[in-house]
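The numbers here are math on the coordinates, done by the rules we state, and not lab data. What you see is a predicted model; the values in this text were computed from it and never measured. Quick reminder, even Gly has a Cβ in these numbers, built from the backbone with ideal geometry, and neighbours come from all protein chains shown.
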Amino acid sequence: MELDFQQFIPSLPFLLKGITVTLKIVFVAGILGFVLGIVLSILKISKFPVLSWIADAYTSIFRGTPLVLQLMIIYYGTPQITGVQIEPAAAAILSFGLNSAAYISEIIRAGILAVDKGQKEAALALGVNNRQAMFDLILPQALKNIFPALINEAVSLTKESAIVTVIGVTDIMRRAYIMGGDKFSYFEPLLLAGVIYYVMVMVLTLLAKVLERRMRRSD
């Protein structure tokens, strides 16, 4: 059987609109995961065992269960408990953000622990409190050191976002499936979707390299 991409040319604008949907979910979920990841990483190195245990338990749960399961629990299971139906896009952002936070917290925690303890001790000796030392001195250095790892997480989040098709979000994958259903031919639109994801990841990687070079020059 020969491939016929020409029949899908009129539907390309429909497919490309999925990029906006995908990027919106990835961007908002990434911000949510990053902010929550910082909070979890600080809790993990807290002097209070209860806070550390809670953060570790959170990470264990979200890293130990499939992302698609978490997505379906939030979208299909939450209404059963709360009586409120969550919008598909909101469920996707929430599940991806909560899942990403578990991984980002470990990355940030490792970055914080890699910073020389002497710097914090020197800051405290100069009268700087713990909060200021963490957010003005330790955390900026940690983020600069773990920047490549954070980009890898962003790349993974971009690719994993394709699973939102299981709850009906009209992202790139869902639109490719719809195109295939209209023509009873799925290989071509799915291949086109794969190309789009690949280009998105490559662009993100190139931008990350540019930012990383600038960060190194500013040292």
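Here the peptides 51-57, 26-32 are ranked by packing, the mean other Cβ count within 10 Å, and the order with the highest first is 26-32, 51-57. Each Lys and Arg contributes +1 and each Asp and Glu -1, all at the Cβ; summed about the Cα centre of the chain, the dipole is approximately 640 debye.
A straight Cα-to-Cα reach below 21 Å connects LYS144 with the lysines LYS44, LYS117, LYS120, LYS209, residues fewer than 8 places away in its own chain not being considered. Positive end of the dipole of the stretch 10-217 (Cβ unit charges, origin at the Cα centre): among ALA125, ALA149, LEU67, the Cα lying farthest that way belongs to ALA125. Let a ≥ b ≥ c be the square roots of the eigenvalues of the Cα gyration tensor of the chain; is it rounded (a/c under 1.5), or, if not, prolate (a/b larger than b/c) or oblate? In terms of gyration-tensor shape, oblate. Helical content alone sets the calculated 222 nm signal of the chain at -24000 deg cm²/dmol, taking -39,500 (n - 2.57) per DSSP H segment of four or more residues and averaging over every residue. Of the chymotrypsin sites (Phe, Trp or Tyr not before Pro) found in the stretch 120-219, those in coil by DSSP whose Cβ has at most 16 other Cβ atoms within 10 Å are PHE184, TYR186. The HN-Hα couplings worked out from phi for the stretch 21-35 by the Karplus form 6.51 cos²θ - 1.76 cosθ + 1.60 (θ = phi - 60°) are 4, 5, 5, 5, 5, 5, 5, 5, 5, x, 5, 4, x, 5, 5 Hz, whole numbers, x standing for Gly and Pro. Among 58-66, 85-93, 142-150, the peptide with the highest mean count of other Cβ atoms within 10 Å heads the list, and the full ranking is 85-93, 142-150, 58-66.
This ranking places LEU157, LEU12 by how few other beta-carbon atoms lie within 10 Å of each, fewest first, which gives LEU12, LEU157. Since only ILE81, LEU191, LEU139 are under comparison, the one whose Cα sits farthest along the positive direction of the charge dipole of the stretch 10-217, derived from C-beta charges on Lys, Arg, Asp and Glu, is LEU139.
Extending 7 Å from the Cα toward the beta-carbon at both ALA149 and LYS47 defines two label points whose distance is 2.5 nm. Tell me the angle of helix 187-217 to the major Cα principal axis of the chain, expressed in degrees between 0 and 90 and rounded to the nearest ten. Helix 187-217 and the main axis of the chain meet at about 20 degrees.
Listed by chain and number, the lysines whose alpha-carbon sits under 25 Å from that of LYS17, ignoring those within fewer than 8 places in the same chain, are LYS159, LYS183. Counting beta carbons within 10 Å around each of MET179, MET202 and listing the fewest first gives the order MET202, MET179. Note on the chain: with a GNM built from Cα contacts shorter than 10 Å, the maximum mean-square fluctuation among VAL84, VAL39, VAL201 falls on VAL84.
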